[in-house]
1. Which of the following residues is within 20 Å of PHE185 (Cβ to Cβ), surrounded by 15 or more Cβ atoms within 10 Å (Cβ to Cβ), within 21 Å of the chain's Cα centre (by Cα) and not assigned by TED's automatic domain parsing to the domain that holds ASP188: ILE85, ILE124, ILE81?
2. Tell me whether the stretch 163-180 contains one or more residues that are of a type in the set (Gly, Ala, Ser), at pLDDT 95 or above and in a helix (DSSP H, G or I).
3. Those residues that are in contact with an Asp or Glu (Cβ under 6 Å, 6 or more places away or on another chain) and within 20 Å of SER176 (Cβ to Cβ), I need them from the stretch 125-154; list them, please.
4. Tally time: how many residues in the stretch 125-148 are assigned to a loop (DSSP other than H, G, I, E, B) and at pLDDT 95 or above?
5. For GLN114, work out the one condition from (1) under 30 Å from TRP158 (Cα atoms); (2) in contact with a Ser or Thr (Cβ under 6 Å, 6 or more places away or on another chain); (3) polar (S, T, N, Q) it doesn't fulfil.
6. Is one or more of the residues making up the stretch 112-124 of a type in the set (Ser, Thr, Tyr), assigned to a loop (DSSP other than H, G, I, E, B) and free of Cβ contacts under 8 Å to residues at least 60 places away in the same chain?
7. Being more than 12 Å from GLY73 (Cβ to Cβ) and part of a loop (DSSP other than H, G, I, E, B) is the filter here, so list the residues in the stretch 99-111 that pass it.
8. Scan the stretch 50-69 for residues that are exposed (fewer than 10 other Cβ atoms within 10 Å of the Cβ) and part of a loop (DSSP other than H, G, I, E, B) and jot them down.
Amino acid sequence: MRRLTKARHYMNIDSKLPHVGTTIFSVMSALAADCGAINLSQGFPDFTASEFLLDRLNTHASAGRNQYAPMNGVPELREAIAALIRECYHRKVSSETEITLTSGATEALFVAVQTVIRPGDNVILLDPAYDSYEPAIALAGGTCTRLPLLPPDYRPDWQRIEDSITPNTRLIMVNSPHNPTATVFTDDDWRQLER
C-alpha cells in the first residue's frame, strides 16, 4: 500500500503553462476532418510518400544511416545548406559554427527563443502570431508585448513598434510572408526593422 501511495504522489504533474490549452491547429484540424473540408490550418501531407522518397529512405537506412545525428545535424546536409546560402545570397557561412538543423520550424523557434530570452526580457509579437511563440517566451522567463497587424493590409506600424521598444526588449519576432495574414514585408519594412 505504501508503494501505491508513493506512485500516486509522483503522478501529479503540474504544468509549467497551465493557461495554455489546445492549439488552434488541433481545433481546426479536427473541425476539417469532421466536416470533410480541406485543412488549410496545418501543413501535413494528406497523400502517401513517393516511391522515390521511400527508396532513398530505404537506401540510407540500409547503409546504416539510421542512428542519431550529431547535435547540430548531419555534416553533409549542413555543408549543402552552406553552399546553397553562398550560391543564392553570396554570403559565406560556416557549416560547423553557423548552421544547426532541427526537426521542424516549431523546434527551431523554441530553441532560438530559449537561447536568446532570459527572465525579465521582453519580446514584441505582431498579432496574430503563431501560437507557439508565447509559451516558448514564458518558459524562458520572458514577457510579450503584442502589437496588432490591422486590416485591410495588415502592415506593421513601425512607429508603434518603435514606441514599444524598452530597455528590456530583447527580440522582435517577425515572419514574411506573415502567417496567417499573408502580408509580405516590403524592402522598406525590412529597412524600418533594421533601423
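1. On inspection, the qualifying residue turns out to be ILE85.
2. yes
3. Restricting attention to the stretch 125-154, the residues satisfying the condition of being in contact with an Asp or Glu (Cβ under 6 Å, 6 or more places away or on another chain) are 142, 144, 146, 148.
Answer for the stretch 125-154, where residues must be in contact with an Asp or Glu (Cβ under 6 Å, 6 or more places away or on another chain) and within 20 Å of SER176 (Cβ to Cβ): CYS144, ARG146, PRO148.
4. Number satisfying all stated conditions: 3.
5. Against the list (1) under 30 Å from TRP158 (Cα atoms); (2) in contact with a Ser or Thr (Cβ under 6 Å, 6 or more places away or on another chain); (3) polar (S, T, N, Q), GLN114 comes up short only on (2).
6. no
7. The one that is more than 12 Å from GLY73 (Cβ to Cβ) and part of a loop (DSSP other than H, G, I, E, B): GLY104.
8. SER50, ALA63, GLY64, ASN66, GLN67, TYR68
The values are calculated or read from the model by the stated rules, or taken from the named source; none is laboratory data. Nothing here was measured: the structure is a model prediction, and the numbers come from that model. Cβ sites come from the backbone with ideal geometry, for glycine too, and all protein chains shown count toward neighbours.
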